[in-house]
């Protein structure tokens, strides 16, 4: 596990070190957005989790952006997850970006009855690719490693694939498949690009 963490950290740093002096995001790749989704994770550890997710990103420098997410999923157990982080982006073509970043992660599980709840703070390392296919569609993919210690004592690798259909340049519909620790989830919603 320590080798995985070290490898992901080195890969993220190498992305930053070998990046060129590109100053603007590729045409159509927007890092300033807020997004709302409905999430459904069927049969995730015996639960059919459903609930809202809010996600956003903001470009703070030509090649640096901050990002965050909050989701509240419920079934017999309530699951709250949030993260906040920063990432470095690099344009590899006029319509394609790669990025790598670090995040602080928070998770809480509320169990029914006398079992109470358990929560923990951890860290995440992620890398991704965004590609604007044309004026109507953008594809994105991300891999992430998240580690929680303490009471939750869990770490996992997750994958996300996202498709955005632009209704207008500043408004898109989102479809996403998220694999978190081997459990698959489906998300749908809208993104406002500003």
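Every number here is computed from the coordinates shown, using simple stated rules; none is lab data. The structure displayed is predicted, hence computed values, not measured ones. Cβ coordinates were reconstructed from backbone atoms using ideal geometry, including for glycine residues, and neighbour counts include every protein chain displayed.
Observations, loosely collected:
- Peptides 135-143, 184-192 ordered by packing proxy, namely the average of other Cβ atoms within 10 Å per residue, highest first: 184-192, 135-143.
- Solvent-free Debye calculation, one equal scatterer per alpha-carbon of segment 146-194: log10 I(q)/I(0) at 0.13 Å⁻¹ equals -0.45.
- Here the extension length gained between residue 170 and residue 66 equals 35.5 nm, from 0.36 nm per residue of separation less the Cα-Cα distance.
- FRET efficiency, residue 32 to residue 110 (Cβ-Cβ, R0 45 Å, nearest 0.05): 0.85
- Reciprocal mean inverse distance between Cα atoms of the chain - Kirkwood radius, Å: 17.4 Å
- Residue-averaged 222 nm ellipticity for the chain, from DSSP H runs of 4+ at -39500 (n - 2.57), nearest 500: -2500 deg cm²/dmol
- Kirkwood hydrodynamic radius of segment 29-77, from the reciprocal of the average inverse Cα-Cα distance over all distinct pairs: 12.3 Å.
- Gyration tensor over alpha-carbon atoms, segment 22-128, equivalent ellipsoid semi-axes in Å: 33, 14, 11
- Relative to the 2.2 N^0.38 Å rule of thumb, segment 87-194 has a C-alpha radius of gyration ratio of 1.29.
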